[in-house]
Amino acid sequence: MISASGRPPILQTVELSRSFGGFRAVDGVTVSVEQGDIVALIGPNGAGKTTLFNLISRLLPPTSGQLLFDGQDVTHTSPQRLARMGIGRTFQDVRLFDSMTAWDNVAVFAQSDRSATLRSGLLSPRAVRREARQVRERVEEVLEYAGLSAVASTIAGELSFAQQKKVAIARCLAQRARLMLLDEPASGLDAGEREDVAKMIEKLAGDGVTIVLVEHNMGIVREVARRAIFLAEGTVVGEDTPDRLLHSSELAEIYFGHIRSTAGVA
Amino acid sequence: MIVFGLTLVYSDIAMQLLIYFVVAIALNFVIGYARALSIHHAALFGMGAFTYAVMAQRGWSNDLIVCGLVAALLGGLVSVILAFGSLRISGDYFIVASFAFQAFAINALFNWTSVSGGANGDYGLPTPTVLGLAVSSTFAYITAAAVLAITTLVFAIWLRRSPYGRLLRAMGDSPSALLTAGFGVLRLKVGVFGISGMLAAAAGVLYAAYLGVAQTGTFDVSLAILLVAIVVIGGTGSAVGSLLGATLIAFAQPLLSNLNLSATTTAAVQQLIFAALLVGVVAVLPRGLVQLGDVRKLVPRRGAGATEP
Ligand SMILES: Nc1ncnc2c1ncn2[C@@H]1O[C@H](COP(=O)(O)OP(=O)(O)OP(=O)(O)O)[C@@H](O)[C@H]1O
Ligand SMILES: [Mg+2]
């Protein structure tokens, strides 16, 4: 499957599945995402959206199926290797390094693989200084881009929720991710903050980053996504522009029927 | 007489404090960075003590630096093996495995009488030297311990601030997020465990050299728990906390011994008091004594201990 641009899709999953015990959380998902696209992954609670992200970032190994990145089979590639290849992600529960500053959070994602050995720190001070300078420049650039320069030295656990979510995106940016998987980047934010995040996503896409986002807020989905994939009970049940997909009465029933039935809990 | 008695006690306290401090920092690396609660640091510490006992007794070397390096190599190696265990066995199960290793190691050592001297232990150990100079006065011992403690502290602070230390802190906060940053945790955990084992064993060398004896009973599970208490009371992940914890315990121990109780009662009362201290401090100061330093943050922080896939 080669797109008009002549490049393979940046991401393809082929019959990707994951079971927990006998329960199929993700069940034969085949999707593909073109370079530079903004795709929304929507569906009711428990549909398997986060699990699919866990499979694509390889934090969970699939039970079966195939994962391709840039046309290359990465089904058995480690999560750290995938991260270095250009897949970045955020977490629904944010997962910042809570005891560290916003600056240090971003710096971790800007550090080279070499910095993970104590030897490199002790034996070649010149290389260490060079890397420290590169990391510093990268972190400052990214914090500026994300509008976080003012809170650079604030402990991440003490930032506002909206700022924490921005730090999470800034971290992906620092690692130069070409594909970003954003798990509910706007949930829990007020209207103004949501608008901020939407702008940031559009800016990223403008800079050539491919984005897949999971989002329950349909306002955001309509605003930023060019394409939406509807997931229910682990399978893809629809794929279209957000507007057309959301106007399908059948899917609305699955989605809102579910929301209504869980409204008491929320 | 009384003055003499007091100076003797104070030098014991000072040695105890400095050496506990070094072992506590070692333990803190594993607890704070790898988030693995180790109950086996008394065994690693003991390995260092018996390294000195054996090397000095057999006339191989009584140089603190030589014995310290050999012990560090040994302790580091054993600790790295345990690091691989910590990757396979997670969370609470690791505590059990660590506890089992502690009990096994001390038991095996006890039965290996040619090394440990069995129930009697190794006693009458030769006094140590450093680069050919005899370490015989109390002052010399305390200087040696202070040099080790200060070197350890400087190293811990340097490590924490280095890019490598940034990755270690990140691993403590969220290993899965660290994976998505492109860092596998295997290398980092092995590194942390290795450093920790090296330090704990090196401290053991000085301990045995100072006391002139090494007995397996000294390094049993109750010491292991005492070490955990020092770290937790002081504050996990903080070198200053380890200093506060070691100071508290080093002063509390001899005070308790002066209560004129029988040896077994003293041990029981000691454990009771340490348990009460541990619970008391953790209830009032969840992040340990270091928390006293920033009253602003006395309110416990949210979000600790979330589970990750
Ligand atoms: N590690 C796991 N072990 C067992 N079951 C799991 C695990 N992770 C997810 N599940 C189950 O898989 C299903 C899909 O979960 P997932 O988190 O992917 O849903 P989601 O679409 O992200 O939902 P939400 O919109 O609520 O975030 C759920 O029923 C969940 O309970
Ligand atoms: Mg989810």
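The values are calculated or read from the model by the stated rules, or taken from the named source; none is laboratory data. It should be emphasised that the depicted structure is a prediction, and the values quoted were computed from it without experimental measurement. Because the Cβ atoms are built from the backbone with ideal geometry, glycine has one as well, and the counts that use them run over all protein chains shown.
Helices (runs of 4 or more DSSP H) wholly in the stretch A:83-193 with at least 2 residues that are more than 8 Å from chain B (Cβ to nearest Cβ) and touching a helix residue (DSSP H, G or I) at 6+ places or on another chain (Cβ under 7 Å) - which ones? Please lay out each step first, then the result.
Details: elements: A:102-110, A:118-123, A:125-145, A:161-174.
Ranges flagged: A:102-110, A:125-145, A:161-174.
Answer yes or no: is there a residue in the stretch B:214-231 that is in a loop (DSSP other than H, G, I, E, B), under 19 Å from B:Ala43 (Cβ atoms) and touching a strand residue (DSSP E or B) at 6+ places or on another chain (Cβ under 7 Å).
Looking for residues that are in a loop (DSSP other than H, G, I, E, B), under 19 Å from B:Ala43 (Cβ atoms) and touching a strand residue (DSSP E or B) at 6+ places or on another chain (Cβ under 7 Å), one finds none in the stretch B:214-231, hence no.
Only one of (1) buried (at least 19 other Cβ atoms within 10 Å of the Cβ); (2) within 16 Å of ligand 2 (Cβ to nearest atom); (3) in contact (Cβ under 8 Å) with a residue 60 or more places away in the chain fails for A:Gln92. Which number is that?
(1)
Okay, residues lined up against (1) modelled with pLDDT of 95 or more; (2) surrounded by 19 or more Cβ atoms within 10 Å (Cβ to Cβ); (3) within 11 Å of ligand 2 (Cβ to nearest atom):
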{"residue": "A:Val26", "(1), (2), (3)": "yes, yes, no"}
{"residue": "A:Ile38", "(1), (2), (3)": "yes, yes, no"}
{"residue": "A:Gly43", "(1), (2), (3)": "no, yes, yes"}
{"residue": "A:Ile56", "(1), (2), (3)": "yes, yes, no"}
{"residue": "A:Gly65", "(1), (2), (3)": "yes, no, no"}
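Select from the stretch B:277-308 the residues that are in a loop (DSSP other than H, G, I, E, B), at pLDDT 55 or above and loosely packed, with under 11 Cβ neighbours inside 10 Å and list them in ascending order.
If the condition is that a residue be in a loop (DSSP other than H, G, I, E, B), at pLDDT 55 or above and loosely packed, with under 11 Cβ neighbours inside 10 Å, then B:Asp294 is the only one that fits.
Could you tell me whether A:Ile155 is among the β-branched types (Val, Ile, Thr), touching a residue at least 40 places away in the same chain (Cβ under 8 Å) and more than 24 Å from A:Leu55 (Cα to Cα)?
yes
Tell me which of these A:Gln72 doesn't satisfy, since it passes every other one: (1) in contact (Cβ under 8 Å) with a residue 12 or more places away in the chain; (2) more than 12 Å from chain B (Cβ to nearest Cβ).
(1)
Out of the residues in the stretch A:207-235 that are surrounded by fewer than 23 Cβ atoms within 10 Å (Cβ to Cβ) and of a type in the set (Asp, Glu), state the one that is farthest from ligand 1 (Cβ to nearest atom).
My answer is A:Asp207.
Could you grab me the full set of residues in the stretch A:4-42 that are more than 14 Å from chain B (Cβ to nearest Cβ) and either on the phi > 0 side of the Ramachandran plot or near ligand 1 (Cβ under 8 Å from one of its atoms) (or both)?
Those that are more than 14 Å from chain B (Cβ to nearest Cβ) and either on the phi > 0 side of the Ramachandran plot or near ligand 1 (Cβ under 8 Å from one of its atoms) (or both): A:Gly6, A:Glu15, A:Gly21, A:Phe23, A:Gly28, A:Gly36.
Is it true that B:Phe101 is touching a residue at least 60 places away in the same chain (Cβ under 8 Å) and loosely packed, with under 14 Cβ neighbours inside 10 Å?
Judged against the criteria, B:Phe101 is not a match.
Looking at (1) touching a residue at least 40 places away in the same chain (Cβ under 8 Å); (2) farther than 30 Å from A:Asp243 by Cβ, which is the only condition A:Asn45 fails?
(2)
Please determine, by comparing only the residues of the stretch A:48-60 that are more than 9 Å from ligand 1 (Cβ to nearest atom) and under 11 Å from the mean Cα position of the chain (by Cα), which one is nearest to the other protein chains (Cβ to nearest Cβ).
A:Ser57
With A:Thr235, A:Thr241 as the choices, which residue is touching a residue at least 24 places away in the same chain (Cβ under 8 Å), more than 23 Å from B:Ala177 (Cα to Cα), of a type in the set (Ser, Thr, Tyr) and more than 14 Å from chain B (Cβ to nearest Cβ)?
A:Thr235
Of (1) more than 11 Å from chain B (Cβ to nearest Cβ); (2) assigned to a helix (DSSP H, G or I); (3) touching a helix residue (DSSP H, G or I) at 6+ places or on another chain (Cβ under 8 Å), A:Asn45 satisfies all except one. Which?
A:Asn45 satisfies every listed condition except (2).
Going by what's in this entry, would A:Phe109 be described as surrounded by 15 or more Cβ atoms within 10 Å (Cβ to Cβ), more than 16 Å from ligand 1 (Cβ to nearest atom) and under 20 Å from the mean Cα position of the chain (by Cα)?
Values: surrounded by 15 or more Cβ atoms within 10 Å (Cβ to Cβ): yes; more than 16 Å from ligand 1 (Cβ to nearest atom): yes; under 20 Å from the mean Cα position of the chain (by Cα): yes.
Answer is yes for this residue.
If A:Thr63 satisfies all but one of (1) away from chain B (no Cβ under 11 Å); (2) away from ligand 1 (no atom under 14 Å from the Cβ); (3) over 12 Å from the mean Cα position of the chain (by Cα), what's the number of the condition it fails?
Single failed check for A:Thr63: (2).
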